[in-house]
Amino acid sequence: MKESSYKYAQVYQAMREKIAGGTYRPGEKLPSLRQLSQSLKIALITVQRAYAELEAEGLISAVPRSGYRVAVPVSFGEKPRNPLARPLKVDGFGSDFLSSVTAHNRNPKLLGLGGASMARELLPLRHLAECSRQVLRESFEQTILYEPWLGNLELKREIAKRNQRWRGESSLQECLITSGGTEALFLALRSVTRPGDLVAVESPTYFGLLRMLKALSLRVIELPTEAATGMRLDLLEPLLRRREVKACVLIPNFQNPLGSLMPEESKRKIVEMAEAKGIPLLEMETCADIFLSGERPLPLQAYARNGGVLSCISYSKLIAPGYRIGVLQPGRFLAEAAAWKASSTLASPSFPQLVLARFFRYGLADRHFQRLRSFFQLQIPRMIDLLLRELPPGARVSQPQGGYLLWVELPQAYSGRELFQQAVSKGISLTPGEIFSSSGRYGNFIRLNCGLAWDDRLISAVGTLGRLTRKSKKP
Ligand SMILES: Cc1ncc(COP(=O)(O)O)c(C=O)c1O
């Protein structure tokens, strides 16, 4: 064997063993190419070759601006369940525990690792203030009158113009301005289901969706969802063949809580599969503009051919949660969605629509999203590093491809609920994993928010979490 091939094989084998033996844990940063070449006194290209091989095997992954990290196993230790199992009634939602979690997530006195919302210093305060002043100066009267029932025309034009870059033709469809993403999802579900219907969702999934399914008396099937690539289409396909699923709801771009991104090819496939069977697909977009590498991912709707995708968008996560502005592009279900809008909120509040229309018109949204992307490209890897240092051995942290949430699996013996209670008593909020499913899974998981300034308070809170975790073993 040539000397260089021999050295390459040695580096490759040594790293492989360190990963398998747990010296380097899932998500942990590996020595840089340069560091390793210097410490082992071998050529950079030899280390590069070894890393390329490990990457091709899926053992490590290159993270933009952060170097190489140990890959996180995609399915987080969850055994795939039989998707043809009995559908569940959505139990436990609307419970006291869920209300207590969401109340703590909003408590400004706690350090907010719980809610999926950004600290105010990351929101575009100055630009929104300037747009608000202009609206009050130039069109105060309009702010106290009804806007058109389906939304302010200028805002809809601005949104369509912006979205045309990735939605193509579908951006020209009629859309409704809604009261947050929540109303968009509610109108979409009402438009395509009736009480008792069966709906397929990702697992884990956003607890607000499960609460809504319960409120609408819908039954649910939770499909295994991978931390890297999203819903398992190989399991969805037989499910759609065998059961009368009336709708499928998913968050293809940076899922809440996993941060997964469905590959474009899978998006094309799922839309094709659902349209062929006439099953509406509902998608939610909250953070698609915060991609940590590559380009802005496409929504499912970009692949729709016959209006079978209902797209819900929320601006709460990235611009202004209190404005309560969302969008529903209901595909071929416009008449149904508009009728439900007429009998729910009739029209959304005028003032935030007028302010947002300016915010988009002046190009401020694009600048803001660019700033957020730069921030989270640094923030996510440093939060992962800190968590892996502080949490007990065996803990695993997701590697989201966008958005600003982390999904953390603690070893089986630990309880997310217990940790939540302990954390609150120390002034920290977090979201226990169990509320992301209606079937009592994810008891040893938590979801953490990274949308906070990187400062001593945050660093010390993660240290406190690490100490508390060790005390949160299940009774
Ligand atoms: C996936 C998803 N959909 C909807 C919402 C709620 O959005 P809004 O505040 O705009 O109603 C959230 C908030 O966490 C979410 O994560």
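Assorted remarks:
- In region 201-281, the GluC sites (Glu not before Pro) that fall in loop regions by DSSP, at most 12 other Cβ within 10 Å: Glu244
- Rounded tilt (10° steps) of 125-143 against the dominant C-alpha axis of the chain: 10 degrees
- When exposed loop sites are taken as chymotrypsin sites (Phe, Trp or Tyr not before Pro) in a DSSP loop with at most 15 other Cβ atoms within 10 Å, the longest stretch of the chain clear of them is 150-361.
- Radius of gyration, Dmax [the chain; alpha carbons; angstrom]: 23.1, 82
- Calculated on the Cα set of region 347-475, radius of gyration then Dmax: 17.8, 56 Å.
- Axis angle, to the nearest 10 degrees, between helix 96-105 and the longest C-alpha principal axis of the chain: 80 degrees.
- For region 254-327, the set of trypsin sites (Lys or Arg not before Pro) satisfying both a DSSP loop assignment and a count of at most 15 other C-beta atoms within 10 Å is given as Arg305.
- The magnitude of the dipole of the chain, with charges of +1 and -1 set on the Cβ of Lys/Arg and Asp/Glu and taken from the Cα centre, is near 740 debye.
- Amide H contacts of Gly402: Leu292, each under 5 Å away and 5 or more positions distant or on a separate chain (H built 1.01 Å from N in the peptide plane; Pro and chain starts excluded).
- Pairs of C-alpha atoms in region 178-251 farther apart than 22 Å represent 21 percent of all such pairs.
- Stokes-Einstein, applied to the Kirkwood radius of region 146-203 over Cα pairs at a viscosity of 0.692 mPa s and 37 °C, places its translational diffusion at 245 µm² s⁻¹.
- Nearest-ten-degree value, helix 44-56 long axis tilted from longest Cα axis of the chain: 50 degrees
- Percent of Cα-Cα distances greater than 20 Å, calculated over region 102-170: 60 percent
- Within straight-line cross-link reach of Lys341, aspartates and glutamates at Cα separation under 16 Å, skipping those fewer than 8 residues along the same chain: Glu147, Glu174, Glu183
- Fraction of alpha-carbon pairs over 13 Å apart in region 222-289 - percent: 63 percent
- Among the trypsin sites (Lys or Arg not before Pro) in region 1-64, those located in a DSSP loop and surrounded by at most 15 other Cβ atoms within 10 Å of their own Cβ are Lys2, Lys41.
- Cα Rg, Dmax, region 164-307, angstrom units: 14.3, 41
- Amide H contacts of Leu430: Gly114, each under 5 Å away and 5 or more positions distant or on a separate chain (H built 1.01 Å from N in the peptide plane; Pro and chain starts excluded).
Any read-out appearing in this document is the output of simple, stated calculations on the displayed coordinates, not a laboratory observation. Note that the structure is predicted; figures quoted are calculated from it, not measured. Reconstructed Cβ throughout: ideal geometry from the backbone, glycine too, with neighbour counts over all protein chains shown.
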